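Before any comments, here is the structure.
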Amino acid sequence: MNAMSELNTISRRSWLKSAAALTGLALTVGANGLVRAEEAKKFGGDGMPGGLVDDPLVFVSIGADGIVSIVCHRSEMGQGIRTSLPMVVADELDADWSKVRVVQAPAAEKRVGNQNTDGSRSMRHSFQPMRHVGACARRMLELAAAQQWNVPVDEVRAANHEIVHAKSGRKLGYGAVAVAASKLQVPLEKELRYKTPAEFRYIRKEGVRGIDAKKIVTGNTQYGIDTRLPGMTYAVVARPPVMGGKVKSFDASAAMKVPGVVKVVEIKASPAPAMFNPLGGVAVIARNTWAAIKGREALKIEWDNGKHASYESAAYKKTLQEAARKPGKVVRNDGDAMKVLGESQRRIEAEYYLPHIAHATMEAPAAAARIEKGKVEVWAPVQAPQATVETVAAHLGVKQEDVTVNVTLLGGGFGRKSKPDFAAEAALLSRAMNGKPVKVTWTREDDLHHDYFHTVSVERMEAALDANGKPTAWLHRTAAPTIIALFAEGAKGGADFELGMSATNIPFAIPNFRVESPEVEAHTRVGWFRSVSNIPHAFAVQSFVAEMAAAAGRDHRDYLLELIGPARKVDPKAMSDGWNYGESPERYPLDTGRLRKVVELATEKAGWGRQLPKGQGLGLAVAYSFVTYVAAVVEVKISDSGELSVTKVDMAVDCGPAIHPDRVRSQMEGAAVMGLSLAMSGEITFKDGAAQQGNFHEYEVLRANQAPRAINVHIVEHGLDVPLGGVGEPGTPPIAPALCNAIFAATGKRIRELPIREQFKA
């Protein structure tokens, strides 16, 4: 089915009239055609591009056989969005889920809205628009059936893939009225009836079948790396080992002698800033990937490594420590923390270090491209289709409307695949092959050496305690390269959105509260990572709270709840957070009652306070990120031989109404495993400007035998009157501090540097 490919030149009305001829389907409902300008404010978010565009955004098609095809406009990378968004449409449509098929939208922002799959906002911003699409399609089917039977529309009702006339008992399948429905005027908002929660069949229900589940478990899915095109060649690229480096000279004679190698091409280095541009280097194109790899090994390249050639992570750690020990740019200043700290008779301080970490997605970056008659077509596992269009068009010097990006399944993303440098490489190499299709594959070594690394940081914490151990002043200095350096060469100091991730937006009841951001230089490509700056900030904040509780001789849970204070709704702006994850502070205040609730729920379910044998301990942490509240309690055991094992994790999550509970649980479970992996062994180090780890024997991820025996996810229930939060990212931040706090409870050893490795044995 190529419904989306037809949208470039078809008007809204002509599309509705001729859907059957164009796609073989009978009813097509365009979402933007459903939303009038005066109604757009009801939806919020970016699920509709302002709700003001008149061109159709096609989401629903129904065939004569009754099969319902629903377009998914966000990228699937394991979070289940290809199930969750169509599920919302299908529920309001009252479709039989077994008769639903999903069509993945290519890059088509003007027709399907914002497609960036990041920030845990896909469901948050698309839930109501997708309900609207389903309700509108249902209404059109009911109208068409009522006209055919010549009865009032109020006497008919769509139910389980049929239109039913209650008085006469007549029924029509959806396919039988789809053509007639396609000729009707799109209903206005006031004409629609949304389901009540009691009527939901799929929304908020357990056990909805994943749309790709069978294909995934049987190995029949198509990821970006699986792309095969007629006449395709295969490429790998030798990239500069140091950010900003370039090729000084190269000799390809030996590479060309490798059987299967057909061409060696230099890719010019992109000027700073890095953005989403290819790093440059030398590409080897061959008849298969193995030949390309062997050809690359035979290349002789002399590199100009540029100004970052002296970068070493061990030395840079000291640079960060020095920066964190000096005053930095003040980004929040309540009261006079410096005065209180200076006069305090009882102070506690600590520094926390987190290294560079890599995304290490299961599927390394890969993309295929071909050029025909000036038109560029790309197949790639990207999180940001529109950014891919823009990047490819810029590097080829073509119009954006001449670039088509087909979004494949992603074998993991975590933010890495928001940066489409690898797609631009494929397009450039296709041009070098006179437009013939070329697929670029990154090896695991390529992936780890040339990632957009999650930032390294030193977090310095200081607090003044009164005679009862209660904090009277708080100072947090966060020294880390900024993501802004990716877009503005030489940028230093945390951006507002980075600092508004568990640094400035801490609602603790402390009268004197100060946050500073020292300025340090970036020496690598820095990119957003699952939960971004919440990872280092929450690690420091939640570890430091545990240290304060211990210094005060208090139970950690009770101390944390006292710091959070009574239930209240805090304006993020009052905490110098003007970003608030891009959401309205009125609609999304920081609710300390909800923050308290997840702490109480997680600790209750974990059996907080129970006596544990020697060498065992419970650790607690909580974080508010992407407008969701998550608390975690980690239980650890240290064996007599000194082996660390995580026996159980209890997580409480409040993401507003859980639209797809199964996926909420799976995302929290995945976040727990990923958080443990990062904490226990995740580290990329640099020497002479280059990343030293190349594969999983060096950059270790959690093995199955290291995973917790149980991860229990406890969801706080809400009605639809509470706004939706995020799910994909918020589970990660509390895991590392909860783990380290558990190690302290079990051993008395405080961990302030990640990864943990063998520190607890020292």
Peptides ranked, highest mean first, by Cβ atoms within 10 Å: ranges 747-756, 678-687: 678-687, 747-756
Spin-label model distance (nm) - Ser98 vs Gln147, 7 Å beyond Cα toward Cβ: 3.2
Whole-number percent relative contact order across region 239-385, with pairs defined as alpha carbons under 8 Å at least 6 apart: 21
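How much length is gained if the chain between Glu206 and Lys399 is pulled fully straight, taking 0.36 nm per residue apart and subtracting their Cα-Cα distance, in nm to one decimal?
Stretched out fully, the Glu206 to Lys399 stretch lengthens by 64.9 nm.
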Reach of Lys183 by Cα under 20 Å, taken over lysines that are not fewer than 8 positions away in the same chain: Lys17
Arg287 paired with Gln185, simple spin-label distance in nm, labels 7 Å along Cα-to-beta-carbon: 6.4
Cβ-based net charge around Leu561, under 15 Å, with every Lys or Arg adding one and every Asp or Glu removing one: +1
Additional length obtainable on full extension of the chain from Gln611 to Lys573, 0.36 nm per residue less Cα span: 9.5 nm
Alpha-carbon centroid distance for the pair region 615-684 / region 459-507, whole angstrom: 23
Unsatisfied cross-links (Cα-Cα over 19 Å) in the set Lys248/Lys307; Lys318/Lys761; Lys637/Lys761; Lys373/Lys417: Lys318/Lys761; Lys373/Lys417
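Run the numbers on the chain and let me know its relative contact order in percent, using alpha-carbon pairs under 8 Å that are six or more apart.
Working: 1813 pairs, mean separation 95.1, N = 762.
After rounding, I find 12 percent.
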Listed candidates (i) 85, 72, 47; (ii) 75, 68, 56; (iii) 152, 81, 50 - label of the one calculated as Cα extents along the principal axes in Å: (i)
Using a Förster distance of 25 Å, the FRET efficiency for Arg157-His718 (Cβ separation, nearest 0.05): 0.30
Estimated vicinal HN-Hα couplings, Hz - region 422-432 in sequence order (Karplus 6.51, -1.76, 1.60; Gly, Pro = x): 5, 5, 5, 4, 4, 5, 4, 6, 5, 4, 5
Spatially proximal lysines relative to Lys597 (Cα-Cα < 25 Å; intrachain offsets below 8 disregarded): Lys205, Lys470, Lys569, Lys573, Lys605, Lys648
Placed amide H near Ala283: partners under 5 Å, 5+ positions off or other chain: Ala238, Val265, Glu266, Ile267
Only Lys, Arg (+1) and Asp, Glu (-1) charged, at Cβ; the chain dipole about Cα centre in debye: 1160
Distance-filtered residues of region 677-708 - backbone nitrogen under 15 Å, label point 7 angstrom along Ser641 Cα→Cβ: 706
Span from the region 103-127 Cα centroid across to the region 317-359 one, whole angstrom: 39
Eligible lysines near Lys294 by straight Cα distance, threshold 20 Å, same-chain separation 8 or greater: Lys257, Lys263, Lys439
Relative contact order for region 455-590, counting Cα pairs under 8 Å that sit 6 or more residues apart, in percent: 27
Karplus (6.51, -1.76, 1.60) ³J(HN,Hα), θ = phi - 60°, over region 309-326, in Hz, Gly and Pro reported as x: 5, 8, 5, 9, 5, 5, 5, 5, 4, 5, 4, 5, 4, 4, 5, 6, 8, 10
Label-point separation in nm, Lys110 to Lys214, each point 7 Å along Cα→Cβ: 3.8
Integer Hz, Karplus 6.51/-1.76/1.60 couplings in order for region 101-109, x for Gly and Pro: 10, 10, 10, 7, 6, x, 4, 7, 4
Under-5 Å amide H pairs with Lys329, H placed in peptide plane, nonlocal only: Ser517, Glu519
Under 5 Å, built H, 5+ apart or other chain: amide partners of Leu612: none
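Only the coordinates and a few stated rules stand behind these numbers; no lab work does. Predicted, not measured: the structure shown is a model, and the values here were computed from it. Cβ: placed from backbone, ideal geometry, glycine included. Neighbour counts: every protein chain shown.
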